[in-house]
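This report concerns only the one structure given below.
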There are 2 protein chains.
Amino acid sequence: MTQFDDEASFLAQYNARDFVAPLMTVDPVLFTYHEASLKVLLVERSNHPERRLWGLPGGFVDMVSDQSLEDTARRKLQEKTGINAPYLEQLYTFGSATRDKRGWSVTVAYTALMAYQECAAHIETVRDAKWWEFEALNDMTLAFDHREIIQTARERLRQKALYSIVPAYALPEKFTLPELQHLHEVLLGKALQKKSFRRRIEEAALLIATGEKRSDGNGRPAVLYRMKEDAGRHMFVRNLEE
Amino acid sequence: MTQFDDEASFLAQYNARDFVAPLMTVDPVLFTYHEASLKVLLVERSNHPERRLWGLPGGFVDMVSDQSLEDTARRKLQEKTGINAPYLEQLYTFGSATRDKRGWSVTVAYTALMAYQECAAHIETVRDAKWWEFEALNDMTLAFDHREIIQTARERLRQKALYSIVPAYALPEKFTLPELQHLHEVLLGKALQKKSFRRRIEEAALLIATGEKRSDGNGRPAVLYRMKEDAGRHMFVRNLEE
DNA sequence: CAAATAGTGTCTGTTAGACACTATATG
DNA sequence: CATATAGTGTCTAACAGACACTATTTG
């Protein structure tokens, strides 16, 4: 390798094209909660590879328009589904020689949460975009290693349900405590004591009562709350039981 | 873009060299505990860019020899320092257009822990390898965004000290409870109640008494323990106070 | 009124904090 | 013996679980 006196001349001759790097993608796993169940947003691929299979709404980093990995995640969600998620957090990075048939590839996965809204395919590389029930994915063949990625995201979200109210980002802006509790119950796969659940949220002062109530026709109406600004960052010192 | 009938012909014409991907590196943050303080292993760069600056012992993914990102992390640690760490966990992925002067770059950071041992530079791209006291890094200019990466790793390790005994991987195979407690105290930046600390570890049955004791000359000798196989995976349901 | 769902009062159980105590080493 | 460090006994405080109770809605 040639030696250079100074960094400036080193950088002047440096050309990233001289080196082959792994394929570099970003894959958001977008969850929501609707009709009492957890849903994941998937898109049907209209191009090779893995054409016609459902997978995550991710894609390549655009070295011109993206300044950061989070930019890529937001852009891909926007392009493929028209969605802008209020919660986006890096999950894990999956990289290996074999996960993509095109060669060594790396994907940075993000967990995203948002209130349910209808969605549709937005660009030509996507035939369709659809919310799938999490449980239904067991019977499907998904693109690449996307099943493993979704499984990892789901597991992390389960953990967060034990010590935070991050799952609330999967609800509409205004929601009731029974709704939030049920979402946590879905994530944890077990019933929770409503007294415990409500008490810890109230004592940590994470929510603001809007003054409104909502009834679904049966029984006493529930108070509607919205999250305080930083409620998603709060961590309880003691977990709910597993 | 040309259309292909089947995936095989698509893959046959696909050439990763046709696309420019970000630079792709892996950076392990290797911690140990020695002489009552937390240390980080850094190497002095002998090549551009950032020549002569100290940074993490990372490097490019080798698409031939590495099968996974963890392979890269282990290989780089081995090459640059001769070390094989008993604890290695993915930390976070840092990627942006500006973090490396050569262009858009992504690094997958790993946290590694090991018992203290002497180390030395192992290859020509490294002038020197050295354990630095974590506190000393404040006064240094480090390569790239490595200060931020180390800070993130340190913060994650602090979190783990609250609900696990993962930090024990930074100790020798046999260690005493007062040693482990002091390491946690360094990580948390506050004194802990020894009764609480010992009680939770004993009740979770995470350690095995070796039968040996060790005295440092002063006072009653402490019992030496080693970690049970899966002790690093145990998570206490209730955190220590912050 | 009954049925259904929201929300509370209050007791128990678990586990961390506080801190004084005992145990075992050295010199 | 004094000193130093390891390790224990035990009370308190915080907070989740259990579960019966009250509250508010519809029909």
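Return yes when B:Lys228 is of a type in the set (Lys, Arg) and either touching a Lys or Arg at 6+ places or on another chain (Cβ under 6 Å) or under 26 Å from B:Trp132 (Cβ atoms) (or both) and no when it is not. In short, no.
Is one or more of the residues making up region B:53-61 without any contact (Cβ under 8 Å) to a residue 24 or more places away in the chain and either among the small types (Gly, Ala, Ser) or not in a strand (DSSP E or B) (or both)? No: region B:53-61 contains no residue that is without any contact (Cβ under 8 Å) to a residue 24 or more places away in the chain and either among the small types (Gly, Ala, Ser) or not in a strand (DSSP E or B) (or both). For region A:162-183, the candidate set comprises residues that are crowded, with 21+ Cβ neighbours inside 10 Å and more than 13 Å from DNA strand C (Cβ to nearest atom); within that set, the residue that is nearest to A:Glu203 (Cα to Cα) is A:Ile165. For region A:216-235, the tally of residues that are assigned to a strand (DSSP E or B) and small (Gly, Ala, Ser) stands at 1. From the list A:Ala136, A:Ala129, A:Ala120, exactly one residue is free of Cβ contacts under 8 Å to residues at least 12 places away in the same chain, of a type in the set (Gly, Ala, Ser) and away from chain B (no Cβ under 13 Å). Which is it? Testing whether each residue is free of Cβ contacts under 8 Å to residues at least 12 places away in the same chain, of a type in the set (Gly, Ala, Ser) and away from chain B (no Cβ under 13 Å) leaves just A:Ala136.
Residue count for region B:184-215 under the criterion of being exposed (fewer than 11 other Cβ atoms within 10 Å of the Cβ), in a loop (DSSP other than H, G, I, E, B) and more than 9 Å from DNA strand C (Cβ to nearest atom): the result is 2.
For B:Arg147, indicate whether it is assigned to a loop (DSSP other than H, G, I, E, B), in the same structural domain as B:Asp71 (by TED's automatic domain parsing) and closer than 30 Å to B:Gly59 by Cα. In short, no. Within region A:185-209, residues that are on the phi < 0 side of the Ramachandran plot reach partners that are within 12 Å of DNA strand C (Cβ to nearest atom) and assigned to a strand (DSSP E or B) with beta carbons closer than 6 Å, at six or more positions or on different chains, in the pairs A:Leu207/A:Tyr225; A:Ala209/A:Val223; A:Ala209/A:Tyr225. For the condition part of a helix (DSSP H, G or I) and assigned by TED's automatic domain parsing to the domain that holds B:Gln90, B:Arg154 qualifies. Residues in region B:72-98 that are within 9 Å of chain A (Cβ to nearest Cβ) and outside any strand (DSSP E or B): B:Thr72, B:Ala97, B:Thr98.
Within the set of pairs 6 or more residues apart or between chains, which connect a residue that is under 16 Å from B:Tyr87 (Cβ atoms) inside region B:141-162 to a residue that is acidic (Asp, Glu) with Cβ atoms less than 9 Å apart? Note: pairs meeting the criteria are B:Arg156/B:Glu89; B:Ala161/B:Glu185.
The values are calculated or read from the model by the stated rules, or taken from the named source; none is laboratory data. Quantities reported herein were computed from a predicted structural model and do not represent experimental measurements. Because the Cβ atoms are built from the backbone with ideal geometry, glycine has one as well, and the counts that use them run over all protein chains shown.
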